[in-house]
Amino acid sequence: MSSSLIPALVRTPVPHHELLVQLLARVPDPRCRRGVRHPAGALIAVAVCAVVAGARGFTAIGEWARDAGSAALERLGLQRGGVDESTLRRLFARLDADRLDAVLGAWALARTALVAGRRVIAIDGKRVRGARGGGSFAPHLVAALAHGSGAVLGQVAVGEKSNEIPAARELLRLLDLDGVVVTMDALHTQHDTAALVTGAGGDYVLTVKANQKSLYAQLKALPWASIPAITRTDRGHGRRATRTVKAVDVPAWVEFTAAAQVAQLRRTVTRKGRRTVEIVYLITSADVHTAPPALLATWVQSHWEIENRLHWVRDVTFDEDRSQIRTGNAPRVMAGLRNTAITLLRLDGHHNIAAALRHHARDSDRPINLLLAA
């Protein structure tokens, strides 16, 4: 597809009045027109509803559609009979996954709230392990998650002979970063990535570990003992976690693109009388007025929402890593549908996704109503 079309979809949020089901109708149908019974957008809408009801694969989507009945399917744009599982397999294997993810991301971006006056986005990757087999490559997908709301704002695939770093940059280019804070792990503590974010009007918060040996050594050697600290203790899940953060303006000898502050974050976790201590270093383009130490610590802690609220849910609740869907673009398309189901449920106020899936599985009208109102 046109390389300029995806940024047009993602960088400019869609109007709030435009419904998700209307956007799905814009996804190009890769099939020959002859013999096509159902519009591609309607089939995608059916699949989204089925996934919201807990469906994990094509067989389950077909069963949900059959149980929902023709009247329910007509509400989603299907006018002639039910949905055949083989139709979904063929369509999703050939569907333009880039375009689908762009449409879904544009819709989600228009509906995410700001956190302390700014949009904060976490970037991280996950491999769809179950899609490997028979010589096929297991897709490695990099996603963007909005802190707070848990909405998925975009997703791109890592090239078969590449890695997460260029894929993350591709995803960042698709997003409107003006005024946005981007949090990323140590893999992405790269000058080019930092320049991309700040050049687009955003700020980065990056973790510094031993993969950046020189920078790590410089930060570790700073006189942290003499720098004032801010401490917060949280209790829950059978543990006590104390986070101590110290931040200082970036010293002149620390050379990193657009850096304004560096910080030390110490995590002390006590569980069943056993204490563990972890120290990590941070570098950010946000100055102390924009990001005081306590806010920096919050951004770093919230970064792990992408693991706990997205990757973990796809792995455990949807059992993604054991999915046997492997043909063409279908694994990525299914991952995108899971992202959308999670986003729909999060924006609807559900915190426990497994419980929300069970709730929507009891009545086929529930996922349809949720989609048609989105």
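The values are calculated or read from the model by the stated rules, or taken from the named source; none is laboratory data. Remember, predicted model here, so these are calculated numbers, not experimental data. Note: ideal-geometry Cβ built from the backbone for every residue, glycine included; neighbour counts use all protein chains shown. Calculation scope for accessible area: heavy atoms of the full protein, side chains included, ligands and nucleic acids excluded. Shrake-Rupley method; radii C 1.70, N 1.55, O 1.52, S 1.80 Å.
Quick one: is Ala297 open to solvent by 10 Å² or more (accessible area, probe 1.4 Å) and closer than 23 Å to Arg239 by Cα? Here the answer is yes, as Ala297 does meet what is asked. Close contacts from the stretch 199-216, counting a first residue that is assigned to a helix (DSSP H, G or I) and a second that is open to solvent by 40 Å² or more (accessible area, probe 1.4 Å), with Cβ to Cβ under 7 Å and a gap of 6+ residues or different chains, come to Tyr216/Lys209; Tyr216/Ala210.
When both residues are 6+ apart or on different chains and their Cβ atoms are under 6 Å apart, which pairs have a first residue that lies in the stretch 93-108 and is in a helix (DSSP H, G or I), and a second that is of a type in the set (Ser, Thr, Tyr) and at pLDDT below 95? These pairs meet every condition: Ala93/Thr327. Candidates in the stretch 10-51 are the residues that are in a helix (DSSP H, G or I) and modelled with pLDDT under 85; of these, the one that is most open to solvent (accessible area, probe 1.4 Å) is Arg11.
Can you list residue pairs whose Cβ atoms sit under 8 Å apart, with the first residue in the stretch 218-235 being open to solvent by 60 Å² or more (accessible area, probe 1.4 Å) and the second being assigned to a helix (DSSP H, G or I)? Count only pairs 6 or more apart in sequence or on different chains. Listed pairs, sorted by first residue: Ile230/Pro293; Ile230/Ala294; Ile230/Ala297; Arg232/Ala294; Arg232/Ala297. Here the condition is being over 19 Å from Leu145 (Cβ atoms), in a helix (DSSP H, G or I) and either under 16 Å from the mean Cα position of the chain (by Cα) or small (Gly, Ala, Ser) (or both); of Ala335, Ala355, it holds for Ala355 alone.
For Asn339, the conditions (1) among the polar types (S, T, N, Q); (2) out of contact with any strand residue (DSSP E or B) (no Cβ under 6 Å at 6 or more places or on another chain); (3) surrounded by 16 or more Cβ atoms within 10 Å (Cβ to Cβ) all hold with the exception of (2). Out of Val333, Val313, one residue alone is open to solvent by less than 50 Å² (accessible area, probe 1.4 Å), under 17 Å from Leu24 (Cα atoms) and out of contact with any strand residue (DSSP E or B) (no Cβ under 9 Å at 6 or more places or on another chain). It is Val333.
Which of the residues belonging to the stretch 60-78 are without any contact (Cβ under 8 Å) to a residue 24 or more places away in the chain and buried (at least 18 other Cβ atoms within 10 Å of the Cβ)?
Answer for the stretch 60-78, where residues must be without any contact (Cβ under 8 Å) to a residue 24 or more places away in the chain and buried (at least 18 other Cβ atoms within 10 Å of the Cβ): just Ala65.
Criterion applied to Asp203, Asp192 was being surrounded by 24 or more Cβ atoms within 10 Å (Cβ to Cβ), at pLDDT 95 or above and either more than 18 Å from Asn329 (Cβ to Cβ) or not aliphatic (A, V, I, L, M) (or both), and the one residue passing it is Asp203.
Going by the conditions given, is Thr244 touching a helix residue (DSSP H, G or I) at 6+ places or on another chain (Cβ under 9 Å) and open to solvent by 10 Å² or more (accessible area, probe 1.4 Å)? Walk me through how you get there before you give the answer.
Details: touching a helix residue (DSSP H, G or I) at 6+ places or on another chain (Cβ under 9 Å): yes; open to solvent by 10 Å² or more (accessible area, probe 1.4 Å): yes.
Considered against the rule, which asks whether it is touching a helix residue (DSSP H, G or I) at 6+ places or on another chain (Cβ under 9 Å) and open to solvent by 10 Å² or more (accessible area, probe 1.4 Å), Thr244 comes out as yes.
Restricting the stretch 316-330 to residues that are assigned to a helix (DSSP H, G or I) and open to solvent by less than 30 Å² (accessible area, probe 1.4 Å), which is modelled with the highest pLDDT? Give the derivation first.
To start, the set of residues in the stretch 316-330 that are assigned to a helix (DSSP H, G or I) comprises 316-317, 320-322, 330.
Adding the requirement that they be open to solvent by less than 30 Å² (accessible area, probe 1.4 Å) leaves 317, 320, 330.
On the way: Thr317: 95, Glu320: 91, Ala330: 91.
Selected residue: Thr317.
Here Ile6 fulfils each of the conditions (1) out of contact with any strand residue (DSSP E or B) (no Cβ under 6 Å at 6 or more places or on another chain); (2) surrounded by 22 or more Cβ atoms within 10 Å (Cβ to Cβ); (3) at pLDDT 90 or above; (4) assigned to a helix (DSSP H, G or I) apart from (3). Of all residues in the stretch 79-102, those satisfying the criterion of being buried (at least 24 other Cβ atoms within 10 Å of the Cβ) and either more than 18 Å from Arg31 (Cβ to Cβ) or hydroxyl-bearing (Ser, Thr, Tyr) (or both) are Asp101, Ala102.
Every residue in the stretch 110-127 that is in a loop (DSSP other than H, G, I, E, B) and at pLDDT below 85, please. Hits for the stretch 110-127 are Ala110, Arg111, Thr112, Ala113, Leu114, Ala116, Gly117. The residue pairs whose first member lies in the stretch 263-285 and is open to solvent by 50 Å² or more (accessible area, probe 1.4 Å), whose second member is not in a strand (DSSP E or B), and whose beta carbons are closer than 7 Å, counting only pairs six or more residues apart or on different chains, are Arg271/Gly238.
How about the stretch 49-79: which of its residues are more than 23 Å from Leu23 (Cβ to Cβ) and more than 27 Å from the chain's Cα centre (by Cα)? Walk me through it before giving the result.
Step one: list which residues in the stretch 49-79 are more than 23 Å from Leu23 (Cβ to Cβ), which gives 54, 56-57, 59-60, 62-63, 66-67, 69-71.
Within the stretch 49-79, Glu63, Arg66, Asp67, Gly69, Ser70, Ala71 meet the criteria.
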